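Asker: This is the structure, below, for whatever I ask next.
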There are 2 protein chains.
Amino acid sequence: MNKKQQILLAATQSFSRYGYKATTMDRVSKIAQVGKGTIYLHFANKEELLKEIIKELAAQMRLAADQEINKHATFIDRFEAALYGILQFQERHELIIKLSDELKDFRTPIVKKVLADFEQEICLYIEEKVEKAIQKQEIKPCDPKLTAFLMYKTYIHLVNDWKENHQPLSREQVVYLIRFYFLEGLKPAAYQA
Amino acid sequence: MNKKQQILLAATQSFSRYGYKATTMDRVSKIAQVGKGTIYLHFANKEELLKEIIKELAAQMRLAADQEINKHATFIDRFEAALYGILQFQERHELIIKLSDELKDFRTPIVKKVLADFEQEICLYIEEKVEKAIQKQEIKPCDPKLTAFLMYKTYIHLVNDWKENHQPLSREQVVYLIRFYFLEGLKPAAYQA
DNA sequence: CTTATGACCAGAATAGTTTTTTGGTCATTT
DNA sequence: AAATGACCAAAAAACTATTCTGGTCATAAG
């Protein structure tokens with residue numbers, strides 16, 4: 001029964017473990033215990049299969065963040081809560097990390113496009129929240145698109161890039177640091193006046 | 001006469017225009033109007049030639065930044081001035097940009113290493129300045145290494161990555177934005193108390 | 001004797017060719 | 001109507017032949 005779910009699960013597994021290129025449709029059908037032709041009853045092609053998985057992942061992250069957000073009143077608390085919500089997805093992130101690594105080794109245009117879409121999806125989400133916060137005067141006026149872009153990139157740097165040459169940061173540290181740099185700023189209180 | 005300078009100039013030119021891989025030692029010797037063997041009297045090999053060029057570039061940037069810094073009294077002014085100083089290097093940056101692009105297309109370990117060294121060089125420089133500023137209590141206490149890392153990355157994002165999908169930012173905008181996000185923070189004045 | 005050179009060579013990169021793999025189809029089965 | 005897997009064209013990989021290039025060094029110039 002529900003063959004489509006089996007296929008999605010199998011594909012997610014294989015993409016996460018072996019990457020896009022090294023995942024064959026044959027293998028997916030084997031893992032899903034489904035005829036290869038069956039995959040094509042549900043997905044137009046390999047690219048669409050990956051796209052759908054990523055789309056679902058983005059939707060789930062959005063949902064997780066929104067749920068956390070609703071528990072808090074002030075922007076700063078909501079901001080931290082949303083970050084926590086997203087950071088819970090550790091295993092799900094593995095797919096994204098695997099695809100990012102793949103992009104460094106091979107030049108697979110499909111993977112590049114899918115990841116770019118994912119990035120834009122997340123940035124748009126952050127952008128929405130930033131816009132609302134500006135309207136409510138919970139943060140200073142700023143370019144929401146640019147702010148979202150920098151927040152996302154900073155998040156990636158703290159979670160992924162920093163650990164390449166240094167001790168990796170804990171979830172708590174990441175949340176603290178983003179709050180510290182984006183909300184508080186480095187200027188000491190004495191200078192504020 | 002001063003053959004070493006001729007070689008450095010020729011190599012810089014060719015590396016900037018064609019990248020590391022596509023620059024042949026033959027071509028460098030031709031441009032420098034020097035026998036190929038002569039290059040090897042001054043540089044151990046192709047890698048060392050690039051390294052030396054990058055090292056000099058880093059030193060020049062450091063000097064430019066320091067000179068600007070000395071003209072200003074407060075950390076914020078010095079910070080902006082140093083950024084301006086570095087941003088003046090437009091043409092010099094072309095070498096770095098070319099090498100960065102090359103890294104995306106081919107997997108040349110030497111280029112990767114050289115660029116990583118360059119990045120670390122700049123981060124170390126920023127780190128020094130941040131440390132001093134903390135000591136003088138011109139900015140809040142923070143991890144200097146991490147702060148330098150984020151500042152550098154943010155700078156690169158604003159100057160390079162942002163323009164891939166958006167209108168490029170002017171020098172003035174970049175300086176303003178780094179100041180805005182790193183020093184001021186998004187938290188509005190009302191929240192400060 | 002010191003400095004400079006470019007013909008030369010081994011190994012790397014590239015181009016060309018053959019073989020294998022794989023995304024996607026569709027006639028057949030369930 | 002839903003599912004399958006043998007099948008095929010096209011892409012990737014493996015292999016080979018050819019060209020290119022970093023680095024050397026015997027020789028030349030100063």
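The values are calculated or read from the model by the stated rules, or taken from the named source; none is laboratory data. Just so you know, these numbers come straight off a predicted model, no measurement behind them. Quick reminder, even Gly has a Cβ in these numbers, built from the backbone with ideal geometry, and neighbours come from all protein chains shown. For the accessible areas, the whole protein counts, side chains as well, though only heavy atoms, and no ligand, DNA or RNA atoms are used. Shrake-Rupley method; radii C 1.70, N 1.55, O 1.52, S 1.80 Å.
Asker: Which one is nearest to DNA strand C (Cβ to nearest atom), of the residues in the stretch B:28-52 that are surrounded by 15 or more Cβ atoms within 10 Å (Cβ to Cβ) and not in a helix (DSSP H, G or I)?
Answerer: Once the filter is applied, the top-ranked residue is B:34.
Asker: Go through the stretch B:67-103 and count every residue that is of a type outside the set (Ser, Thr, Tyr) and open to solvent by less than 50 Å² (accessible area, probe 1.4 Å).
Answerer: If we filter the stretch B:67-103 for residues that are of a type outside the set (Ser, Thr, Tyr), which is where we start, we get B:67-73, B:75-83, B:85-99, B:101-103.
Then drop every residue that is not open to solvent by less than 50 Å² (accessible area, probe 1.4 Å), which leaves B:69, B:75-76, B:78-83, B:85-87, B:89, B:93, B:95-96, B:99, B:102-103.
Result for the stretch B:67-103: 19.
Asker: Right, next: When the stretch B:124-154 is examined, which residues are found to be in a helix (DSSP H, G or I) and of a type in the set (Val, Ile, Thr)?
Answerer: B:126, B:130, B:134, B:147, B:154
Asker: Could you check, for the stretch A:69-89, whether at least one of its residues is free of Cβ contacts under 8 Å to residues at least 24 places away in the same chain, assigned to a helix (DSSP H, G or I), within 14 Å of another protein chain (Cβ to nearest Cβ) and within 12 Å of DNA strand D (Cβ to nearest atom)?
Answerer: Within the stretch A:69-89 (the criterion being free of Cβ contacts under 8 Å to residues at least 24 places away in the same chain, assigned to a helix (DSSP H, G or I), within 14 Å of another protein chain (Cβ to nearest Cβ) and within 12 Å of DNA strand D (Cβ to nearest atom)), the answer is no, since none of the residues qualifies.
Asker: Got a sec? Which of A:113, A:136 is assigned by TED's automatic domain parsing to the domain that holds residue A:85, in contact (Cβ under 8 Å) with a residue 60 or more places away in the chain and either open to solvent by 70 Å² or more (accessible area, probe 1.4 Å) or of a type in the set (Asp, Glu) (or both)?
Answerer: A:136
Asker: What is the residue count in the stretch B:145-169 for residues that are more than 7 Å from chain A (Cβ to nearest Cβ), within 18 Å of residue A:116 (Cα to Cα) and buried (at least 17 other Cβ atoms within 10 Å of the Cβ)?
Answerer: The total comes to 1.
Asker: If a residue has to be without any contact (Cβ under 8 Å) to a residue 24 or more places away in the chain and either in contact with a helix residue (DSSP H, G or I) (Cβ under 6 Å, 6 or more places away or on another chain) or within 8 Å of DNA strand D (Cβ to nearest atom) (or both) to count, how many in the stretch B:15-34 make the cut?
Answerer: Of the residues in that region, 9 qualify.
Asker: Residue B:40 - would you say it is of a type in the set (Phe, Trp, Tyr) and in contact (Cβ under 8 Å) with a residue 60 or more places away in the chain? Quick ask: steps written out before the conclusion?
Answerer: Values: of a type in the set (Phe, Trp, Tyr): yes; in contact (Cβ under 8 Å) with a residue 60 or more places away in the chain: no.
Here the answer is no, as residue B:40 does not meet what is asked.
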